[in-house]
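**Student:** Handing you this structure, nothing more for now.
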Amino acid sequence: NTPLAQAAAIRSRKGGKPIAMLTAYDYPTARTLDEAGVDILLVGDSLGMVVLGYPDTTHVTLAHMLHHGEAVARAAKRALVVVDLPINTYDTPEQALDTARKLVAAGAGAVKLEGGCDKEAHIAAITAAGIPVMGHIGLLPQNVLKEGGYKMKGKTDAEIAQLHADAQAVAHAGAFSTVIECTRADTARSITEACPIPTIGIGSGKNCCDGEVAVISDLVGAFPWFVPAFVQPRAHIAESITEAAQAWMRDVQGE
Ligand code: KIV
Ligand code: NA
């Protein structure tokens, strides 16, 4: 099952069984999610925030992504492993391809990068080399400093038109799917209807896309200090760790 075949299988899920993608940054989490049946393991650059303790994703380096991508790749037997291109590693199409090749050498099956029309040539350069690419449009966390915060997208007609153009550009460049982050639900739905490749939503309404992605730390309550409003935690790992540590301390130190 080659990455190209895996990506083609995801591509063929347009309008079909919704695609389930979760982030993973380490071997045990990736192995657990792979065995649970998740379709795609995303080594997201959210790594910088939920694992490495940086305030945003602009601090993430290629070395970070290679290190964690390798760990996740060692765990994945079935799921497609997608690794984010970090900021400042895909400024030109040539640099994008060079970075993608390094991530593939580390075990990535596919790569993801942020941008639409402005990144069409970058995506095309990578896909032309036989490396599957996932797009990422809407709110682009790597632009947080440029834009002065995280802002919902698709509020004005001009923004909605731009999002549609971005989705078409990403598909035209050969991406096998695209993330849509933090757009209005009706915008995500209309992009999904118009876009020939599967859309994978986050913070973009319920059942508006061809799949959903969540940050594993949000899903299991492993990063309780900041939880986006759209997240529904399904477990409370940080509380469990606190309880286990305190029970162990009572044992070691006495009541
Ligand atoms: O880095 C990440 O976790 C992501 C997802 C939120 C799509 O890019
Ligand atoms: Na990301």
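The values are calculated or read from the model by the stated rules, or taken from the named source; none is laboratory data. All values derive from a computational prediction rather than experimental measurement. Here the Cβ is made from the backbone with ideal geometry for all residues, glycine too, and neighbour counts use every protein chain on show.
**Student:** So which helices (runs of 4 or more DSSP H) stay within region 58-157 end to end and still have 2 or more residues that are among the β-branched types (Val, Ile, Thr) and surrounded by 24 or more Cβ atoms within 10 Å (Cβ to Cβ)?
**Tutor:** The qualifying helices (runs of 4 or more DSSP H) are 120-128.
**Student:** Out of everything in region 172-209 that is touching a helix residue (DSSP H, G or I) at 6+ places or on another chain (Cβ under 6 Å), of a type outside the set (A, V, I, L, M, F, W, C) and surrounded by fewer than 24 Cβ atoms within 10 Å (Cβ to Cβ), what residue ends up being farthest from Thr156 (Cα to Cα)?
**Tutor:** Going through the qualifying residues, I end up with Gly174.
**Student:** Is there a residue being farther than 23 Å from Asp56 by Cβ and among the acidic types (Asp, Glu) anywhere in region 216-225?
**Tutor:** Within region 216-225, not a single residue is farther than 23 Å from Asp56 by Cβ and among the acidic types (Asp, Glu).
**Student:** Another question, then. Going residue by residue through region 27-43, is there one that turns out to be among the β-branched types (Val, Ile, Thr), within 26 Å of Pro196 (Cβ to Cβ), at pLDDT 95 or above and out of contact with any Ser or Thr (no Cβ under 8 Å at 6 or more places or on another chain)?
**Tutor:** There is at least one residue in region 27-43 that is among the β-branched types (Val, Ile, Thr), within 26 Å of Pro196 (Cβ to Cβ), at pLDDT 95 or above and out of contact with any Ser or Thr (no Cβ under 8 Å at 6 or more places or on another chain).
**Student:** Does Ile160 satisfy being outside any loop (DSSP other than H, G, I, E, B), closer than 23 Å to Gly205 by Cβ, among the hydrophobic types (A, V, I, L, M, F, W, C) and under 16 Å from the mean Cα position of the chain (by Cα)?
**Tutor:** So Ile160 fails the test.
**Student:** It is to be established whether one or more residues within region 127-143 are at pLDDT 95 or above, in contact with a Gly (Cβ under 9 Å, 6 or more places away or on another chain), over 23 Å from Arg78 (Cα atoms) and away from ligand 1 (no atom under 16 Å from the Cβ).
**Tutor:** yes
**Student:** Checking Leu42 against (1) surrounded by fewer than 24 Cβ atoms within 10 Å (Cβ to Cβ); (2) under 23 Å from Gly174 (Cα atoms), only one condition comes out false. Which one?
**Tutor:** In the conditions (1) surrounded by fewer than 24 Cβ atoms within 10 Å (Cβ to Cβ); (2) under 23 Å from Gly174 (Cα atoms), Leu42 misses (1) alone.
**Student:** Further question on the same structure: For region 198-255, name all the residues that are charged (D, E, K, R), modelled with pLDDT of 95 or more and within 26 Å of Met134 (Cα to Cα).
**Tutor:** Asp210, Glu212, Asp218
**Student:** Tell me the residue from Thr127, Thr99 that is away from ligand 2 (no atom under 15 Å from the Cβ) and free of Cβ contacts under 8 Å to residues at least 60 places away in the same chain, please.
**Tutor:** Sole residue among the options that is away from ligand 2 (no atom under 15 Å from the Cβ) and free of Cβ contacts under 8 Å to residues at least 60 places away in the same chain: Thr127.
**Student:** Here is a follow-up. Please identify the pairs in which a residue from region 11-30 that is in contact (Cβ under 8 Å) with a residue 24 or more places away in the chain has its Cβ atom under 6 Å from the Cβ atom of a residue that is assigned to a strand (DSSP E or B) and not hydrophobic (A, V, I, L, M, F, W, C), counting only partners at least 6 apart or on another chain.
**Tutor:** Taking only residues 6 or more apart or on different chains, the pairs are Pro18/Gly211; Ile19/Gly211.
**Student:** Of everything in region 2-57 that's part of a helix (DSSP H, G or I) and within 12 Å of ligand 1 (Cβ to nearest atom), which residue is nearest to the chain's Cα centre (by Cα)?
**Tutor:** Here the answer is Leu47.
**Student:** Within region 209-224, track down each residue that is under 21 Å from Arg189 (Cα atoms) and out of contact with any Asp or Glu (no Cβ under 8 Å at 6 or more places or on another chain).
**Tutor:** Matches in region 209-224: Cys209, Asp210, Glu212, Val213, Ala214.
**Student:** So, one more: Given the conditions (1) assigned to a helix (DSSP H, G or I); (2) touching a strand residue (DSSP E or B) at 6+ places or on another chain (Cβ under 9 Å), report the number of the one that Val179 does not fulfil.
**Tutor:** (1)
**Student:** With the structure loaded, tell me whether Ala244 is of a type in the set (Gly, Ala, Ser), more than 16 Å from ligand 2 (Cβ to nearest atom) and closer than 19 Å to Arg11 by Cα or whether it fails that test.
**Tutor:** Taking the combined requirement at face value, the residue does not satisfy it.
**Student:** Under 16 Å from His136 (Cα atoms), among the acidic types (Asp, Glu) and more than 16 Å from ligand 2 (Cβ to nearest atom): which single residue out of Asp26, Asp45, Asp91 fits that description?
**Tutor:** Unique residue meeting the criteria: Asp91.
**Student:** Among the residues that make up region 237-249, is at least one of them assigned to a loop (DSSP other than H, G, I, E, B) and either within 16 Å of the chain's Cα centre (by Cα) or in contact (Cβ under 8 Å) with a residue 12 or more places away in the chain (or both)?
**Tutor:** Looking for residues that are assigned to a loop (DSSP other than H, G, I, E, B) and either within 16 Å of the chain's Cα centre (by Cα) or in contact (Cβ under 8 Å) with a residue 12 or more places away in the chain (or both), one finds none in region 237-249, hence no.
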